[in-house]
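In what follows, a single structure is set out as structure tokens and then discussed.
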Amino acid sequence: MSRETLMAVSARLFARGGFDATSMRDIAGEAGMLAGSMYYHFPSKNDLIAAVYEEGVAEISAAVDAAVTKADTPWARLEAACVAHLQSLLSDSAHAAVMTADLRRLDARLRRRLIAMRDGYERRFVELVAVLPLPPGTDRTLWRLQLLGALNWTPTWYRPGRKSPAAIARALVQALSP
């Protein structure tokens, strides 16, 4: 069993059931291996969670960075970033979806590590929102968090076939634009 396959299975299970509800035994069973064999690749469940989360951050970051370079106005860049963000969250690869998991119940040290990764990713949105022509007095932090919160909640209710991830992301940006 390759490390990549083990991470893909872990990402899918973590995204579906959360970190707490997913045991190393669950992952091993889904991957078709003995639970003890997983420790060859990852010394602990926390190390596995961190690796999957880091892969998710890298995956979604690359998609957003590529999308933003193709747009030429502040609103178009934000929309492109939101489309790429949502397409990554809703793709078949569950790595990015792990970024929306509830981190509160993780051990404090692991939680700080994952939050630092997430904050590094979200700096892209801080920069994108900073240059938007928003009405005076707009709290840009709350505005950004509202947008990211709506995007990150989408996997909870999304059902393929109605609206595309791109259409949903565009509608969210348009709903918040002045």
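The values are calculated or read from the model by the stated rules, or taken from the named source; none is laboratory data. This one's a predicted model, so the numbers in the text were calculated from it and none came from an experiment. Methodologically, a virtual Cβ is constructed for each residue, glycine included, from the backbone with ideal geometry; neighbour enumeration extends over all protein chains shown.
What the table shows:
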{"item": "Selection count, region 105-146, where residues are under 21 Å from L48 (Cβ atoms), part of a helix (DSSP H, G or I) and not small (G, A, S)", "result": "10"}
{"item": "Of all residues making up region 21-38, the number that are of a type in the set (S, T, Y) and closer than 18 Å to D107 by Cβ", "result": "2"}
{"item": "From A97, A116, A166, residue being of a type in the set (A, V, I, L, M, F, W, C), buried (at least 17 other Cβ atoms within 10 Å of the Cβ) and out of contact with any strand residue (DSSP E or B) (no Cβ under 9 Å at 6 or more places or on another chain)", "result": "A97"}
{"item": "Within region 63-91, considering residues that are among the hydroxyl-bearing types (S, T, Y) and free of Cβ contacts under 8 Å to residues at least 24 places away in the same chain, the one farthest from P165 (Cα to Cα)", "result": "T73"}
{"item": "Test: residue in region 127-139 that is of a type in the set (D, E, K, R), at pLDDT 95 or above and touching a helix residue (DSSP H, G or I) at 6+ places or on another chain (Cβ under 7 Å)", "result": "no"}
{"item": "Complete set of residues in region 14-27 that are buried (at least 20 other Cβ atoms within 10 Å of the Cβ) and without any contact (Cβ under 8 Å) to a residue 24 or more places away in the chain", "result": "T22, I27"}
{"item": "Total residues in region 31-81, condition surrounded by 15 or more Cβ atoms within 10 Å (Cβ to Cβ) and either under 22 Å from A101 (Cβ atoms) or small (G, A, S) (or both)", "result": "25"}
{"item": "Region 147-171, residues that are assigned to a helix (DSSP H, G or I), of a type in the set (G, A, S) and closer than 25 Å to R16 by Cβ", "result": "G149, A150, A166, A167, A169"}
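For (1) within 26 Å of A66 (Cα to Cα); (2) in contact (Cβ under 8 Å) with a residue 24 or more places away in the chain; (3) aliphatic (A, V, I, L, M); (4) exposed (fewer than 10 other Cβ atoms within 10 Å of the Cβ), each residue gets a yes or a no:
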| residue | (1), (2), (3), (4) |
| --- | --- |
| S93 | yes, yes, no, no |
| Y121 | yes, yes, no, no |
| F125 | yes, yes, no, no |
| L128 | yes, yes, yes, no |
| L148 | yes, yes, yes, no |
| T154 | yes, yes, no, no |
| G161 | yes, no, no, yes |
